[in-house]
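Worksheet: one structure, shown below.
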Amino acid sequence: AGKVEFRDVRFAYEPNRQILKGISFEVPAGRTVAIVGPSGAGKSTISRLLFRFYDVQSGAILIDGQDVRDVTQQSLRAAIGMVPQDTVLFNDTIAYNIRYGRIDASDEEVRRAAELAQIGSFIESLPEGYDTMVGERGLKLSGGEKQRVAIARTILKAPPILILDEATSALDSHTEQEIQSALDLVSRDRTTIVIAHRLSTVISADEIIVLKEGRIEERGTHAALLRMG
Ligand code: ADP
Ligand code: ADP
């Protein structure tokens, strides 16, 4: 399960300024599609529409053949996991932050998810900004570590569909590799839409869609797109 379809989707945030100008694509269940394109092209808008933060003005978005307008917010949130580029943490332990979204998870499940995301060593810590009455200070997490908290949360939630918003900020190459392997792990066997900022990071996506000014400009495998230049 988890097939995602965009059918001739048109969308404008404000009248007379179309952001998506007729977008059609399909992500078969379990496959990965990467969406690349310059800033402002409409990439994030695609993920907002899938979550139904906004509704399309024409066309349709379907999950397993069902129009998202006919799905409850609750089941949409259960079906779709998101690893954002900037993870904002709740003012509570890392373990709490991982469990958010699946509060029934056992401590053992939380620990395993944290270990897979390689943050097992500090799940009892509190993030920076948390100052208790007794003056205890929170732990300062790097951008990469925060993203791994979001990855651990997603491992635990195990949604059929995953949206990965690639970090735009420069991560050092070691961190980038660690995050990449954690992402490969969560996206395996899951329908995945990667919002990518660099073509080089999505080599193994089944299809890459190049979005420009609200239209699909090119599509194909990484190798095919490189041949086209
Ligand atoms: P990308 O993710 O490719 O950088 P976005 O989908 O974020 O692009 O944005 C596409 C266009 O929509 C941009 O021109 C942006 O300014 C505009 N936009 C995004 N969000 C809003 C909003 N809430 N209201 C009005 N315009 C918006
Ligand atoms: P497949 O389903 O084809 O095996 P994957 O789901 O493993 O493909 O992911 C496709 C590619 O996209 C992989 O190379 C993966 O590392 C990459 N990728 C996934 N998420 C991100 C991300 N947030 N930023 C950059 N690359 C990513």
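The values are calculated or read from the model by the stated rules, or taken from the named source; none is laboratory data. Here the structure is a predicted model, which is why all the values come from computation and not from measurement. Cβ placement follows ideal geometry from the backbone for every residue including glycine, while neighbour counts extend to all protein chains displayed. The protein model used for the area step is the full one, side chains on, heavy atoms only, and it has no ligands, DNA or RNA in it. Shrake-Rupley method; radii C 1.70, N 1.55, O 1.52, S 1.80 Å.
Go through region 65-99 residue by residue and tally those that are open to solvent by 30 Å² or more (accessible area, probe 1.4 Å) and within 16 Å of ligand 2 (Cβ to nearest atom).
Looking only at that region, the number is 4.
Looking at (1) modelled with pLDDT under 85; (2) more than 12 Å from ligand 2 (Cβ to nearest atom), which one does Gln177 not meet, given that it meets all the others?
Condition (2) is where Gln177 drops out.
Please find, within region 185-209, the residue that is farthest from ligand 1 (Cβ to nearest atom) out of those that are of a type in the set (Lys, Arg) and modelled with pLDDT under 90.
The first filter runs over region 185-209 and keeps only residues of a type in the set (Lys, Arg), leaving 188, 190, 198.
Those still in the list that are modelled with pLDDT under 90 too: 188, 198.
On the way: Arg188: 25, Arg198: 13 Å.
Filtering region 185-209 for residues that are of a type in the set (Lys, Arg) and modelled with pLDDT under 90, the one farthest from ligand 1 (Cβ to nearest atom) comes out as Arg188.
Of the residues that make up region 132-149, is at least one within 13 Å of ligand 2 (Cβ to nearest atom), within 13 Å of the chain's Cα centre (by Cα) and open to solvent by less than 60 Å² (accessible area, probe 1.4 Å)?
Yes, region 132-149 contains a residue that is within 13 Å of ligand 2 (Cβ to nearest atom), within 13 Å of the chain's Cα centre (by Cα) and open to solvent by less than 60 Å² (accessible area, probe 1.4 Å).
Quick check: is even one residue across region 54-64 of a type in the set (S, T, N, Q), in a loop (DSSP other than H, G, I, E, B) and open to solvent by 60 Å² or more (accessible area, probe 1.4 Å)? Don't jump to the end; show me each part of the working.
The first filter runs over region 54-64 and keeps only residues of a type in the set (S, T, N, Q), leaving 57-58.
From what's left, in a loop (DSSP other than H, G, I, E, B): 57.
Those left that are additionally open to solvent by 60 Å² or more (accessible area, probe 1.4 Å): 57.
Checked region 54-64: at least one residue is of a type in the set (S, T, N, Q), in a loop (DSSP other than H, G, I, E, B) and open to solvent by 60 Å² or more (accessible area, probe 1.4 Å).
If we scan region 205-224, do we find a residue that is near ligand 2 (Cβ under 9 Å from one of its atoms), in a strand (DSSP E or B) and within 16 Å of the chain's Cα centre (by Cα)?
Taking every residue of region 205-224 in turn, none turns out to be near ligand 2 (Cβ under 9 Å from one of its atoms), in a strand (DSSP E or B) and within 16 Å of the chain's Cα centre (by Cα).
Under 6 Å by Cβ, and 6 or more places apart or on different chains, what pairs join a residue from region 77-93 that is under 21 Å from Leu185 (Cα atoms) with one that is acidic (Asp, Glu)?
Pro84/Asp165; Gln85/Asp165
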